[in-house]
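Novice: Below you will find the structure I want to go over with you.
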Amino acid sequence: MTAVTHDTTPCRCAWVDLSKPDYVAYHDEEWGVPVHDDRKLFEFIVLESAQAGLSWYTILRKRDSYRQAFDDFDPEKIALYDAAKVEELLGNAGIIRNRLKVLATINNAQRFLAVQAEFGSFDAYLWQFVGGKPIVNHRKTLAEYTSTTPESDAMSKDLKKRGFKFMGSTVCYAFMQATGMVNDHMLDCFRREV
């Protein structure tokens, strides 16, 4: 008699590279989980804007270096960075050393604080773009994923109007997926019910 074995590996979204444990952990523990903490939302603003034109995995591997370089993503401290701090950051091999992206992080910290002052929290401002609750999509294949949506277009347009940099619609949609504003886990993914 032959023993029947069952694969106990959970089914994940098809985009997850199972050969990268840190990528798997990010998918399993963070991606798509609704975030309402302003500091965490700012962290994703920093990371997603740094990612523009690069792979998310590149940024994910540098996340701890970003945390150290940018004062644990404290927008109040980052908003006060001066020219000397910019040069220090540009010499830090642990982050993306792109002057425009470093300057954008400082600018975005200043804009972030202005939004907090206007709305009471960045969370209150941000979640209005999805009506206060996650949009739940029904993706079965990778081909069904989109890089922008009307909601990410609206978010990008408003952020740009408020002076944010490197926050185009594609970056905004990736941000929305990461912070759980959109549930884009595939239908057969074990993390779909986050």
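The values are calculated or read from the model by the stated rules, or taken from the named source; none is laboratory data. This is a predicted model, so every value here is computed, not measured. Note that each Cβ is placed from the backbone with ideal geometry, even for glycine, and that neighbours are counted across all protein chains shown. These accessible areas exclude ligands, DNA and RNA; they are computed on the full protein's heavy atoms, side chains included. Shrake-Rupley method; radii C 1.70, N 1.55, O 1.52, S 1.80 Å.
Novice: Can you find, within the stretch 1-35, the residue that is modelled with the lowest pLDDT among those that are over 23 Å from Arg63 (Cβ atoms) and polar (S, T, N, Q)?
Specialist: If we take residues in the stretch 1-35 being over 23 Å from Arg63 (Cβ atoms) and polar (S, T, N, Q), then Thr5 is modelled with the lowest pLDDT.
Novice: For the structure I just gave you, tell me whether Leu142 is touching a residue at least 60 places away in the same chain (Cβ under 8 Å) and open to solvent by 70 Å² or more (accessible area, probe 1.4 Å).
Specialist: Values: touching a residue at least 60 places away in the same chain (Cβ under 8 Å): yes; open to solvent by 70 Å² or more (accessible area, probe 1.4 Å): yes.
So Leu142 passes the test.
Novice: While we're looking at this one, here's another question. In the stretch 56-163, which helices (runs of 4 or more DSSP H) lie fully inside it and hold 2 or more residues that are within 14 Å of Glu43 (Cα to Cα)?
Specialist: Numbers: elements: 56-69, 75-78, 83-90, 99-119, 122-126, 150-161.
Fully inside the stretch 56-163 and qualifying: 56-69, 75-78, 99-119, 122-126.
Novice: Only residues that are hydroxyl-bearing (Ser, Thr, Tyr) and crowded, with 18+ Cβ neighbours inside 10 Å: list them for the stretch 52-67, please. Even if it seems obvious, please write down each step before you answer.
Specialist: Filtering the stretch 52-67 for residues hydroxyl-bearing (Ser, Thr, Tyr) gives 55, 57-58, 65-66.
The answer is Tyr66, and nothing else.
Novice: I'd like the full set of residues that are open to solvent by 30 Å² or more (accessible area, probe 1.4 Å) and not in a helix (DSSP H, G or I), limited to the stretch 33-51. Outline the logic, then answer.
Specialist: Just the residues of the stretch 33-51 that are open to solvent by 30 Å² or more (accessible area, probe 1.4 Å), to begin with: 33-34, 36-37, 39-40, 51.
Hits for the stretch 33-51 are Val33, Pro34, His36, Asp37.
Novice: Still on this structure: For Met167, indicate whether it is open to solvent by less than 40 Å² (accessible area, probe 1.4 Å), touching a residue at least 24 places away in the same chain (Cβ under 8 Å), touching a Ser or Thr at 6+ places or on another chain (Cβ under 9 Å) and not in a helix (DSSP H, G or I).
Specialist: Values: open to solvent by less than 40 Å² (accessible area, probe 1.4 Å): yes; touching a residue at least 24 places away in the same chain (Cβ under 8 Å): yes; touching a Ser or Thr at 6+ places or on another chain (Cβ under 9 Å): yes; not in a helix (DSSP H, G or I): yes.
When the stated conditions are applied, Met167 passes them.
Novice: A further question follows. Can you tell which of Val16, Val24 is open to solvent by less than 50 Å² (accessible area, probe 1.4 Å), outside any helix (DSSP H, G or I) and either over 30 Å from Ser121 (Cα atoms) or among the β-branched types (Val, Ile, Thr) (or both)?
Specialist: Only one candidate passes the filter, namely Val16.
Novice: Answer yes or no: is there a residue in the stretch 102-121 that is among the hydroxyl-bearing types (Ser, Thr, Tyr), out of contact with any Asp or Glu (no Cβ under 8 Å at 6 or more places or on another chain) and surrounded by 13 or more Cβ atoms within 10 Å (Cβ to Cβ).
Specialist: Taking the stretch 102-121 as the starting set, the residues that turn out to be among the hydroxyl-bearing types (Ser, Thr, Tyr) are 105, 121.
Narrowing the set further to residues that are out of contact with any Asp or Glu (no Cβ under 8 Å at 6 or more places or on another chain) leaves 105.
Filter once more, keeping what is surrounded by 13 or more Cβ atoms within 10 Å (Cβ to Cβ): 105.
Within the stretch 102-121 (the criterion being among the hydroxyl-bearing types (Ser, Thr, Tyr), out of contact with any Asp or Glu (no Cβ under 8 Å at 6 or more places or on another chain) and surrounded by 13 or more Cβ atoms within 10 Å (Cβ to Cβ)), the answer is yes, since at least one residue qualifies.
Novice: Here's a follow-up. Within the stretch 15-24, can one find any residue that is of a type in the set (Val, Ile, Thr) and either free of Cβ contacts under 8 Å to residues at least 60 places away in the same chain or touching a strand residue (DSSP E or B) at 6+ places or on another chain (Cβ under 7 Å) (or both)? Working first, answer last.
Specialist: Of the residues in the stretch 15-24, the ones of a type in the set (Val, Ile, Thr) are 16, 24.
If we keep only those that are either free of Cβ contacts under 8 Å to residues at least 60 places away in the same chain or touching a strand residue (DSSP E or B) at 6+ places or on another chain (Cβ under 7 Å) (or both) as well, we get 16, 24.
Among the residues of the stretch 15-24, at least one is of a type in the set (Val, Ile, Thr) and either free of Cβ contacts under 8 Å to residues at least 60 places away in the same chain or touching a strand residue (DSSP E or B) at 6+ places or on another chain (Cβ under 7 Å) (or both), which makes the answer yes.
Novice: Of these, Ile96, Ile135, which one is open to solvent by less than 60 Å² (accessible area, probe 1.4 Å), β-branched (Val, Ile, Thr) and closer than 26 Å to Lys20 by Cβ?
Specialist: Details: Ile135 fails: closer than 26 Å to Lys20 by Cβ.
Result: Ile96 is the single residue among Ile96, Ile135 that is open to solvent by less than 60 Å² (accessible area, probe 1.4 Å), β-branched (Val, Ile, Thr) and closer than 26 Å to Lys20 by Cβ.
Novice: Kindly indicate which of Leu54, Leu60 is farther than 16 Å from Phe122 by Cα, under 16 Å from the mean Cα position of the chain (by Cα) and at pLDDT below 95. Steps first, answer last, please.
Specialist: Details: Leu60 fails: at pLDDT below 95.
Selected residue: Leu54, the only one of Leu54, Leu60 that is farther than 16 Å from Phe122 by Cα, under 16 Å from the mean Cα position of the chain (by Cα) and at pLDDT below 95.
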